[in-house]
Amino acid sequence: MRAFAAVWPPEEVLDHLDLALASVRASVPSSALRWSARETRHLTAAFYGELPDGALPALSSELAGRLSERAPFELALHGAGLFAHRTLWVGVGGDVAAQRDVSGACAAAGEAVGAWHDDRPRDRPHLTVGRVRPGSRPPRRRGSPAGATSPSGRRGSEVDDEVAAALVRALSVYEGPAWLVDEVLLVESQPGAGRGGGPLYRPVERIPLTGPSRAS
């Protein structure tokens, strides 16, 4: 099975984000962006890929041991950006250092049980909200001839970049409500089995953060 560890925002945080995304959707053609399903929106702490048979209990135990020393902390969704001119994400504010520490502990847990993990540094916690479709462009003006060019006369990746840049600008000032992160989920991923052909995520373990609170 494919698995990853993640922090999942609570429903009220996702509700607030949905309101912000609704205004963005109204200004972007449906053909320009493939939005991620609400139930898939999370902050990845560590990605393990395909786990060998029997590895899940050992990984769960290792995560519990390492994360029990971590204290709950506050995060809030904040701002936006792009990866590779395609992946639209909403960023994170609050105790980002604690989130990075949790990510490091989750990666170390995978190493301890021999599970492969994506070793890219998770120093920019984020939540993916959509992906720009290749060749996307603003709607054709009424009366203009059909073709590959946008109303600005640009083609291909130039138009993709315009769409992406507009989305980032629209979400750059976004500020979501703060929430207390008090658990990390170990999640099974089934590619293509979810809504709209996207992934299906199934939590298989909830690991609480039970360490002492930091001194104020």
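The values are calculated or read from the model by the stated rules, or taken from the named source; none is laboratory data. Everything quoted here is computed from the prediction, not taken from an experiment. Reconstructed Cβ throughout: ideal geometry from the backbone, glycine too, with neighbour counts over all protein chains shown.
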Taking the conditions exactly as written (of a type in the set (S, T, N, Q), under 15 Å from the mean Cα position of the chain (by Cα) and closer than 23 Å to Leu200 by Cα), does Ser60 satisfy them or not?
no
Going through the stretch 178-216 in order, the residues found to be crowded, with 16+ Cβ neighbours inside 10 Å, assigned to a loop (DSSP other than H, G, I, E, B) and modelled with pLDDT of 95 or more are Leu209
Look at Trp35 and say whether it is hydrophobic (A, V, I, L, M, F, W, C), surrounded by 16 or more Cβ atoms within 10 Å (Cβ to Cβ) and closer than 20 Å to Leu186 by Cα.
no
Do any strands (runs of 3 or more DSSP E) lying entirely in the stretch 1-96 carry at least 2 residues that are of a type in the set (A, V, I, L, M) and in contact with a Gly (Cβ under 6 Å, 6 or more places away or on another chain), and which ones are they?
73-83
In the stretch 102-147, which residues are touching a helix residue (DSSP H, G or I) at 6+ places or on another chain (Cβ under 6 Å), modelled with pLDDT of 85 or more and farther than 30 Å from Leu56 by Cβ?
none
Where a residue in the stretch 72-98 is of a type in the set (Lys, Arg) and its partner, wherever it lies, is surrounded by 16 or more Cβ atoms within 10 Å (Cβ to Cβ), with Cβ under 7 Å and at least six apart:
Arg86/Arg131; Arg86/Val132
Note on the stretch 1-42: residues among the aromatic types (Phe, Trp, Tyr) and closer than 20 Å to Val181 by Cα are Phe4, Trp8
Of all residues being part of a loop (DSSP other than H, G, I, E, B) and out of contact with any helix residue (DSSP H, G or I) (no Cβ under 8 Å at 6 or more places or on another chain) in the stretch 164-177, which is surrounded by the fewest Cβ atoms within 10 Å (Cβ to Cβ)? Just the residue, please.
Val173
Considering only residues of the stretch 38-64 that are without any contact (Cβ under 8 Å) to a residue 24 or more places away in the chain and at negative phi, which is surrounded by the fewest Cβ atoms within 10 Å (Cβ to Cβ)?
Asp53
